[in-house]
Amino acid sequence: MNVIDTARPPERAASRTATFKPSLLLSEHHHLCPGCGEPVAIRLILEVIQELELTQNNICILGHGCYGSFIMQMDVDSTLCLHGRGPAVATGMKRIRPQTAIWTLQGDGDMTSEGLAEIMHAAARGENVTCFMLNNGVFGDTGGQMTASSVIGQRTKNTLEGRDAAYHGNPIKLAEIVASMDGAAYVARGSVHNAASINATRKLIRKAFQRPMEGQGLALMEILTMCPTGWFVPPGEGAEYMMESLGKVYGLGELKDVAAAASPEDAGV
Amino acid sequence: MSGMRLLDGSEAIVEAAIMAGLRFYAGYPIAPATELLEYMAEKLPSVGGVCVNADTEIEAVNMALGAAQVGARAATGSCGQGLALKQEAIAEAALNETPLVVFNMARNQQDYFQATRGGGWGDYHTVTYAPKDLHEAVELTHVAFHVADKYRVPVIFMGDNLLARTQMGTSLPVPELEKLPAKDWALDGTMGGTGASRWIWTFGGGKANRPGVGPDGYWRQIAEKFQRIARDEMRHEQCFCEDAETVVVAFGSAGKFVEHVVRELRKEGMKIGFFRPITLWPFPADALDAATRDAKNILVFELNAGQMIDDVRLSVEGRRRIAAIGGVSFDDSGLNLGPLLDADIIRERILAQLSGQPLRQLPYTGMGAYL
């Protein structure tokens, strides 16, 4: 296995990665902002779907957020559902097609704000679906407003002086809550702020697809994604800003794996 | 007669729905739609179907959307406030072309507006069937699933408490309906990576290699589709309208009571007719206009403060005198239809209205059963 050294810049600039696209992407172009982490996370998900040979056995349910535009870019059977309702739609699909990999693509606004009930009940029922939450701590699509996952002190367009617990309430650590629920088989939090975190997150995503397909229950895969536009920082500073703000509250790694022993080849991520 | 069974309306509807191919139901308890959920939970697993006890009304309807989008015949059910919670998803089903049946076992008739006007966003209508009794309910259950699939639209089946909870003998006949094409639009998960992956999306954007017509084009196509439905799927029933000086309009269970009273008054020599819309949307406006061409009066009997009467007015555009003879009518009897749903009282109100007398105020029935 090739190990990528992320401690210093590469000796020569990457040339192939700029033109390579996973076969499940219909276009090399997207319409999201410079420095956005979402395309990186989505590309990872699509690569894992290919690795697991789920290409012609999966359905994606997209929520409402910037990532929703990827319904056009992804060569995957897809629906873009109502805000926050993805896990409920996924439930209906999975109960009718139990052999198909059903996955939702949601943001923190979609999942922890509008859609909190749907993810909680789907997890409690142990639906065999994979739910992705791309967490950037803001409503990026509407220009950077506070979500339920915005961290204390975070400046957004409707918390101009920073999120104040006494006035705006506290952030919801959804992955920790879902990990405590009996129906959840796998809960992990990854990130795409540098090459090392991208590689680590890819392995978490594999298990997030595998556990539901094994019939073990729901997988919640949270991925911290940069949103420089929504954070009002230059694109190049997104990664650093993220790990100084969201990264301090939302720790990376596996929170739960009911079948850790069942897949020894994936242990030790 | 062989094959006859004594069933309440809820059970008959569930049996008919399963015979029509229903394989997924998700619901949340709310009287009088609760029995529907109970029967679904009991019967669907035995045919390989699924009934999910959803934790919210909103979850229930979105689950049904998901099941329908992967090709199953799917439904949810509720009434009143529960139907209000489902309206966002009903609009979504209309705008992303998902066939969905919503059973609205209404408490009385105060759901007319939210069924026919649509409580959600966008340029859409909800096809709404209002059966008068269990026999028609069995037929319209089949029709509801058929029309939902034929046009890829949400359909509301509007029953009520009396239908849900009273028994009749039925052989559960299956109406003959045209064969529909396979659902080549449904998401089955097999098209990934082929360049021909499928999408279901309110904005009609398509895929990067096959862009759709976009919101503007898609919503115009959908609006045109509802015009076709309005032209082809309208249903109504009428009797004695040809020479009637007075036509009484009513729908659902109330229609059955009114029809009985009109038949009695006819026997007594009164020139009175009866008109009952079976589809509340599309409302049979032209048929009502024609049926009342020579009538002096149109009386509208509905168990609400006056909702369908708006559609009656639009149908005749001021060419006839119209009066409401129904009203809010609710009680704690368990049937919740109140004192107005009574043949003698309907008769009294028709005669009072025609002779210029004020309609008698009925006493409130109170909250006795709740105390």
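Throughout, read-outs are computed from the coordinates displayed, never taken from laboratory work. Fair warning: this is a prediction, and the values are worked out from it, not measured in the lab. Here the Cβ positions follow ideal geometry from the backbone for every residue, glycine too, while neighbour counts run over all protein chains shown.
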### Task
Write out the GluC sites (Glu not before Pro) in segment A:93-170 meeting two conditions: DSSP loop, and at most 15 other Cβ atoms within 10 Å of their Cβ.
A:GLU161
## Note on the structure
Rounded to the nearest 5, the percent of DSSP beta bridges in chain B running antiparallel is 25
### Summary
Percent relative contact order for chain A, counting Cα pairs under 8 Å at least six residues apart, stands at 19
### Message
As an exercise, use a Förster radius of 45 Å and the Cβ-Cβ distance of B:GLU245 and A:ALA117 to find the FRET efficiency, rounded to the nearest 0.05.
### Response
0.20
### Message
Please compute the average number of Cβ atoms from other chains found within 10 Å of each residue's Cβ in peptide A:65-77.
### Response
5
### Summary
Long-range share for the protein assembly as shown, i.e. C-alpha pairs more than 47 Å apart as a percent of all pairs, stands at 26
### Query
So which lysines pass the test for B:LYS271, namely a Cα distance under 25 Å, with those fewer than 8 places away in the same chain ruled out?
B:LYS132, B:LYS256, B:LYS296
#### Entry: For segment B:214-226, Karplus couplings with θ = phi - 60° (6.51, -1.76, 1.60), whole Hz, Gly/Pro x
x, x, 4, x, 5, 5, 5, 4, 5, 4, 5, 4, 5
### Summary
Under 5 Å from the placed amide H of B:ASN104, counting only residues 5+ away or on other chains, we find B:SER78, B:PHE157, B:MET158, B:GLY159
### Query
Among A:MET181, A:MET133, B:MET4, A:MET72, which comes first, second and so on when ranked by fewest other beta-carbon atoms within 10 Å?
B:MET4, A:MET181, A:MET72, A:MET133
### Summary
Within 10 Å of the Cβ of an average residue in B:48-55, the count of other chain Cβ atoms is 4
### Message
Largest first and in whole Å, what are the equivalent-ellipsoid semi-axes of segment B:237-370 based on the Cα gyration tensor, each being the root of 5 times an eigenvalue?
### Response
25, 16, 13
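Neighbouring Cβ atoms within 10 Å as the yardstick, rank A:VAL48, B:VAL247, B:VAL47, B:VAL213 fewest first.
B:VAL47, B:VAL213, A:VAL48, B:VAL247
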### Query
Normalised by the number of residues in chain B, what is the relative contact order in percent for Cα pairs under 8 Å and 6+ residues apart?
15
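Under 8 Å for C-alpha pairs, at least 6 residues apart: give me the relative contact order for segment B:5-170, rounded to a whole percent.
29
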### Task
Indicate the gyration tensor shape class of segment A:81-192 (rounded, prolate or oblate), computed on the Cα atoms with a ≥ b ≥ c the square roots of the eigenvalues: a/c under 1.5 is rounded; otherwise a/b larger than b/c is prolate and the rest oblate.
prolate
### Query
What area, in nm² and to one decimal, does the C-alpha convex hull of segment B:21-89 cast on average over all directions?
4.1
### Summary
Output for segment A:131-187: trypsin sites (Lys or Arg not before Pro) sitting in coil per DSSP, at most 15 other Cβ within 10 Å, listed by number, reads A:LYS157
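Do any GluC sites (Glu not before Pro) in segment B:1-49 lie in a DSSP loop with no more than 12 other beta carbon atoms within 10 Å, and if so, which?
The qualifying sites: there are none.
Test of understanding: ordering B:LYS86, B:LYS271, B:LYS179, A:LYS248 by Cβ neighbours within 10 Å, fewest first, what list do you get? Spell out each step's value before the answer.
Working: B:LYS86 28, B:LYS271 16, B:LYS179 4, A:LYS248 12.
The order, fewest Cβ neighbours first, is B:LYS179, A:LYS248, B:LYS271, B:LYS86.
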### Shielding by partners, peptide B:199-210 (average Cβ within 10 angstrom, other chains)
6
### Query
If you average 1/r over every pair of different alpha-carbon atoms in chain B and take one over that average, what Kirkwood value in Å do you get?
21.5
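If you average 1/r over every pair of different alpha-carbon atoms in chain A and take one over that average, what Kirkwood value in Å do you get?
18.5
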### Query
What does the helix-only formula give at 222 nm for chain A: each DSSP H stretch with n ≥ 4 adding -39500 (n - 2.57), the total divided by the residues, and the result rounded to the nearest 500 deg cm²/dmol?
-8500 deg cm²/dmol
### Task
Would you mind pulling out the separation of the Cα centroids of segment B:88-147 and segment B:203-227, in Å?
23
